[in-house]
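Quick notes on the structure that follows.
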Amino acid sequence: MVKILFAASEAVPFIKTGGLADVVGSLPKYLNKDEYDVRIILPKYTCMDENLKKMLRFHSHFYVSLGWRKQYAGILVVQYENIIYYFIDNEYYFSGDKPYNNIYEDVEKFAFFSKAVLDALPLLDFCPDIIHCHDWQTGLIPTYLKNYHNKSPFYQNIKTVFTIHNMKFQGRWKLNAVMDVTGLPKRLFMPDTLESYGEANCLKGGILYADIVTTVSPTYAKEIQTREGGEGLDGLMCRRKENLYGILNGIDYEVYNPKTDPHMAKHFETLDFVPGKKANKLALQRLLHLPEDENTFLISIVSRLTEQKGFDLVAYYMDAILSKDKVQFAVLGSGEEKYEKMFYYFSDKYPDKIEVCTNFSEALAHKMYASSDAFLMPSLFEPCGLSQLMAMRYGTIPMVRETGGLKDTVEAYNEYEKTGTGFSFRNYNFDIGEMPNMIHYAMHVYYDDRKSWNDMAIRCMQKNYSWDNSAKEYEKIYDRLLKK
Ligand code: GLC
């Protein structure tokens, strides 16, 4: 049995701010249980759901040395849906109403977490063959392991995989401060170690010291080796390319299922989805106080409201689209205030055409995936993207920008060959109008050639973006690492 420990800063159902949590919480369930014993270790945040927190049992405690500091660390444990979760407890670091704050607090907090994960292992009765780390918050795990813990025999055979979910977030902070809070020696803060543009960089530690680096789509794996997509670390990514793999994320096909989803007004089957889609659409329009009309093109957006997701482009073209076209928008998401305000502005101006909800609700998200005709995701960059996959599962056709995982998962419609699973555009620009052109083309197919539209929706539903395929790719990587 191969023992694998996932280390991350979030995982559903315990704590979630983005797609990272979906991946960490779902991938372990899909790895072959007869061959891999996968467990997960997370921080125990005080802001976690109370009912979930009540389930955790105290296991033991120890103290973590970080330079001159010695910090308490409790270990809690719970078995949830057949997976064992460990939690590192320390109220000084993990209290507050959200998991992340400002960068200087976060760097110290996750330096503590990273060291605590390694120090906790001898107390767990579970010595992993592989620690699978995710994003910058766990980048110091391979760093500590390769430069500190591996001096002791207990740690010598542990391998690490480091998965980059988003290259933009790197955990960068002042060199001296990071040296102080990590207790790592000066030689690890040089240009060929953690130093990067005058600061210490936790993500760089993960990329440099992990045995294998992965990211969440093949296209993003290529993009991060270029100046445009590398966020300053493209040189390093190129150096590691022999050990860099792009593996597409999957989604949980049990949770997102048009045949059983408890949030839907009416369930539907792939080949007979039209009546079900209609019923769901009318129910959503009613819920959102939009005019109930099964024949108005309904576009949904479910997203973190950040620059990455392409909302500057949306802001720029929204007026032109809403003022002329027979269209409705349903928007769900929270994030940067300027984007929330932008959507509220348009919903005040065009109350019959756009409804916005900034209180994220899983139930409403499911309703929107299930009920809309199309799903808009014009991301500036997108490592993988999960919501386009969720939308496709319900025959909701994605309209995306050709970047990262969106490029790998959405095939552009070809009206001559009748192939494709969505619509796409290439350039993120404000003058040629590629995004509105794409939307108008989609609208034209929807209004003037409904048969082709419906066939495309069926093709979306017939695609398999569950974890079935990708979990096997991860298994291959684990096996390669252990030379099985
Ligand atoms: C990040 C990325 C997103 C990806 C997710 C899970 O949120 O922005 O593209 O799907 O991580 O890997």
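The values are calculated or read from the model by the stated rules, or taken from the named source; none is laboratory data. Small disclaimer: the values here were computed from a predicted structure and weren't measured. Neighbour counts are summed over all protein chains in view; Cβ atoms, including those assigned to glycine, are modelled from backbone coordinates with ideal geometry.
Tabulated values for the structure
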item	result
Residue within the range 292-303 that is in the same structural domain as Arg401 (by TED's automatic domain parsing), of a type in the set (Gly, Ala, Ser) and free of Cβ contacts under 8 Å to residues at least 60 places away in the same chain present	no
Selected residue [in contact (Cβ under 8 Å) with a residue 60 or more places away in the chain, in a strand (DSSP E or B) and over 26 Å from the mean Cα position of the chain (by Cα)] from His59, His132	His59
Members of the range 146-192 found to be more than 27 Å from the chain's Cα centre (by Cα) and in a loop (DSSP other than H, G, I, E, B), listed by number	Tyr148, Ser152, Gln156, Asn157, Gly183, Leu184, Pro185, Met190, Pro191, Asp192
The listed residue being surrounded by fewer than 19 Cβ atoms within 10 Å (Cβ to Cβ), assigned by TED's automatic domain parsing to the domain that holds Thr306 and in contact with a Ser or Thr (Cβ under 9 Å, 6 or more places away or on another chain), out of Ala374, Ala412, Ala370	Ala412
Verdict on Phe162 being among the aromatic types (Phe, Trp, Tyr), assigned by TED's automatic domain parsing to the domain that holds Ser9 and either closer than 21 Å to Asp234 by Cβ or in contact with a Pro (Cβ under 7 Å, 6 or more places away or on another chain) (or both)	yes
The range 293-316, residues that are part of a loop (DSSP other than H, G, I, E, B) and under 18 Å from Gln388 (Cβ atoms)	Ser303, Arg304, Thr306, Gly310
Among residues of the range 370-400, those that are more than 12 Å from the ligand (Cβ to nearest atom) and outside any loop (DSSP other than H, G, I, E, B), counted	11
Checklist (1) assigned to a loop (DSSP other than H, G, I, E, B); (2) out of contact with any strand residue (DSSP E or B) (no Cβ under 6 Å at 6 or more places or on another chain) applied to Leu290, failing item	(2)
Sole residue being assigned by TED's automatic domain parsing to the domain that holds Gly139 and away from the ligand (no atom under 16 Å from the Cβ), chosen from Gly67, Gly25, Gly18	Gly67
Filtered residue count, the range 21-56, keeping only those that are in contact with a strand residue (DSSP E or B) (Cβ under 6 Å, 6 or more places away or on another chain) and outside any loop (DSSP other than H, G, I, E, B)	12
Filtered residues of the range 414-436 (kept if charged (D, E, K, R) and in a loop (DSSP other than H, G, I, E, B))	Glu415, Glu417, Lys418, Arg426, Asp431
Residues of the range 409-440 satisfying the condition of being touching a residue at least 24 places away in the same chain (Cβ under 8 Å) and closer than 17 Å to Ser300 by Cα	Thr421, Gly422, Phe423, Ser424, Met435, Pro436, Met438, Ile439, His440
Residue satisfying condition, being within 14 Å of the ligand (Cβ to nearest atom) and not assigned by TED's automatic domain parsing to the domain that holds Glu411, within set Cys133, Cys127	Cys133
Qualifying residue in the range 336-352 (condition: within 16 Å of the ligand (Cβ to nearest atom), part of a loop (DSSP other than H, G, I, E, B), touching a Phe, Trp or Tyr at 6+ places or on another chain (Cβ under 9 Å) and free of Cβ contacts under 8 Å to residues at least 40 places away in the same chain)	yes
Conditions (1) within 16 Å of the ligand (Cβ to nearest atom); (2) more than 24 Å from Asn429 (Cα to Cα); (3) in a strand (DSSP E or B); number of the one not met by Glu355	(1)
